[in-house]
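The values are calculated or read from the model by the stated rules, or taken from the named source; none is laboratory data. All values reported here derive from a predicted model rather than from experimental measurement. Cβ coordinates were reconstructed from backbone atoms using ideal geometry, including for glycine residues, and neighbour counts include every protein chain displayed. Quick note on the areas: whole protein, heavy atoms, side chains included, nothing else; ligands and nucleic acids left out. Shrake-Rupley method; radii C 1.70, N 1.55, O 1.52, S 1.80 Å.
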Amino acid sequence: MTNKAKPDWKPATQAVHGGITRSQFGETSEALYLTQGFVYDNAEAAEARFNGEDDGFIYSRYANPTVDMFEKRMCLLEGAQDARATASGMAAVTSSLACQVKAGDHIVAAKALFGSNRWVIENMLGNFGVEYTLVDGRNIEAWKNAVQPNTKVFFLETPTNPTLELVDIQAVADIAHECNAKLIVDNVFATPVLQKPMELGADIVVYSATKHIDGQGRCLGGVILSDQEWVDENLHDFFRHTGPGLSPFNAWVLLKGLETLALRVKQQSENASHVATFLSSHKLVERSMYPGHDTHPQFDLAEKQMPGGSTLVAFELKGGKKAAFAFENALDLIKLSNNLGDAKSLVTHPATTTHKSLSEEDRAELGINDGLVRLSLGLEDKEDLLSDIEQALDVVAKA
Ligand SMILES: *Cc1c(COP(=O)(O)O)cnc(C)c1O
């Protein structure tokens, strides 16, 4: 019997066994190494470790055995050669960008991004002299036209938050590679279960592990995955010296989260599909968006790059903000929160919360109008979810 994961195991097997290193006690579950540092047998051993002649651990800002298990498991799930786990999804996004651009470089990114992702590109990196162009991610010509001689990085999310539009990862990767730029995909909405960006040409994949990877509302985390060369040349030193790393305790929670990721995403997507079907024919619903249904305007692309739908549904209520608020306030089982990917179903009104910092024009351009509601479906029984939604819509109809 060996302790090593086999690279050809299927994802569900990797999610349970991948990356485990057992201590001398042979524990079944992953060990939690809640330590800052490591002791050396003698001065020569310390010297060898700092020289890189011995690959043992030095300091938990660099690497830690529990965090290392999480990174290795994520690599096996993603088909990446190396990874660094971070304290939050934003630490992953910021590090993945900041480690490879300098003043005078140019980033091309989709307009439809998680609010803080847009802030990092528009405000933070802008302060350091990094230029950017934002494009409609669905329009492949727009990506091509945005390329400049100093373009270094392409950045996108798909499906997008909150309107669940798609970006063709392969087509954007081809454009990026033609100009020697790298493509970063924020794969939070799809999860490693529903989309494999690296197989479609992405160079770097980032996650907020806070979402489906934990999936049970407990801790924040993130991860950056890529090939060995990119990590060695861009991320390795940046990560060691700026310190965005994940706590071993949170890494341990996330390792346990990964064990059930595939099951949860499958069930949550089934629930989402069920709810989307119901919403699509309801008289109070203007339009509903679900990538797994052929009513989605980009269904062909969904079929091409995603093996399943999504754990989220977005829909627009007739009656704008008043109707959306009445709907949220009438829900009982489904909780009001800006989070997503949780075992508990959650509802959000993007225009007044997650996307409030965008101008009205930007929101309109992205299709985030006042009637838009985002549902993240959890693990509850789908009949209970439907009856909660149905009774809330009845309240809206009477208002
Ligand atoms: C939540 C989220 C992030 C940020 O993750 P945190 O863990 O909250 O820092 C980044 N991108 C997307 C798409 C997200 O949904």
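Taking the range 155-173, which residues are within 16 Å of the ligand (Cβ to nearest atom) and either outside any loop (DSSP other than H, G, I, E, B) or among the β-branched types (Val, Ile, Thr) (or both)?
Narrowing the range 155-173 to residues within 16 Å of the ligand (Cβ to nearest atom): 155-167, 169.
Listed by number, the residues that qualify are Phe155, Leu156, Glu157, Thr158, Thr160, Thr163, Val167, Ile169.
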Contact list, first residue from the range 313-338 and under 16 Å from Ile368 (Cβ atoms), second anywhere and of a type in the set (Lys, Arg), beta-carbon distance below 8 Å, six or more apart or interchain, is Val313/Arg374; Ala314/Arg374; Phe315/Arg287; Glu316/Arg287
Matching residues in the range 161-175 (surrounded by fewer than 24 Cβ atoms within 10 Å (Cβ to Cβ) and free of Cβ contacts under 8 Å to residues at least 60 places away in the same chain) number 4
Quick count over the range 6-17, residues being touching a residue at least 60 places away in the same chain (Cβ under 8 Å) and assigned to a loop (DSSP other than H, G, I, E, B), is 2
Cβ pairs under 8 Å, 6+ apart or interchain, first in the range 266-291 and assigned by TED's automatic domain parsing to the domain that holds Glu390, second acidic (Asp, Glu) and surrounded by 24 or more Cβ atoms within 10 Å (Cβ to Cβ), ordered by first then second residue, are Met289/Glu165
Exactly one of Leu372, Leu333, Leu346 is away from the ligand (no atom under 15 Å from the Cβ), among the hydrophobic types (A, V, I, L, M, F, W, C), out of contact with any His (no Cβ under 8 Å at 6 or more places or on another chain) and open to solvent by less than 70 Å² (accessible area, probe 1.4 Å), and that one is Leu333
Within the range 191-200, residues more than 12 Å from the ligand (Cβ to nearest atom) and either over 17 Å from Ala92 (Cβ atoms) or part of a helix (DSSP H, G or I) (or both) come out as Pro192, Val193, Leu194, Lys196, Pro197, Met198, Glu199, Leu200
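So which of Glu270, Glu316, Glu286 is assigned to a strand (DSSP E or B) and open to solvent by 50 Å² or more (accessible area, probe 1.4 Å)? Spell out the reasoning first.
Values: Glu270 fails: assigned to a strand (DSSP E or B); Glu316 fails: open to solvent by 50 Å² or more (accessible area, probe 1.4 Å).
Sole residue among the options that is assigned to a strand (DSSP E or B) and open to solvent by 50 Å² or more (accessible area, probe 1.4 Å): Glu286.
So, in the range 59-77, of the ones that are of a type in the set (A, V, I, L, M, F, W, C) and open to solvent by 30 Å² or more (accessible area, probe 1.4 Å), which residue ends up nearest to Thr35 (Cα to Cα)? Before you say what the answer is, go through the steps one by one.
So the first thing to find is which residues in the range 59-77 are of a type in the set (A, V, I, L, M, F, W, C), and the list is 63, 67, 69-70, 74-77.
This time we only want the ones that are open to solvent by 30 Å² or more (accessible area, probe 1.4 Å), so: 63, 76.
Working: Ala63: 11, Leu76: 25 Å.
Among them, the one singled out is Ala63.
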Going through (1) open to solvent by 30 Å² or more (accessible area, probe 1.4 Å); (2) aliphatic (A, V, I, L, M); (3) in a loop (DSSP other than H, G, I, E, B) one by one, Ala80 fails only at (1)
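Table: residues versus (1) within 14 Å of the ligand (Cβ to nearest atom); (2) assigned to a strand (DSSP E or B); (3) within 12 Å of the chain's Cα centre (by Cα).
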| residue | (1), (2), (3) |
| --- | --- |
| Asn180 | no, no, no |
| Phe189 | yes, no, yes |
| Ala202 | no, no, no |
| Tyr207 | yes, yes, yes |
| Lys211 | yes, no, yes |
| Ile224 | yes, yes, yes |
| Glu229 | no, no, no |
| Asp237 | no, no, no |
| His241 | no, no, no |
On the basis of being within 16 Å of the ligand (Cβ to nearest atom) and in contact (Cβ under 8 Å) with a residue 40 or more places away in the chain, does Ala80 make the cut?
no
The condition from (1) out of contact with any strand residue (DSSP E or B) (no Cβ under 9 Å at 6 or more places or on another chain); (2) open to solvent by less than 50 Å² (accessible area, probe 1.4 Å) that Glu259 misses is numbered (2)
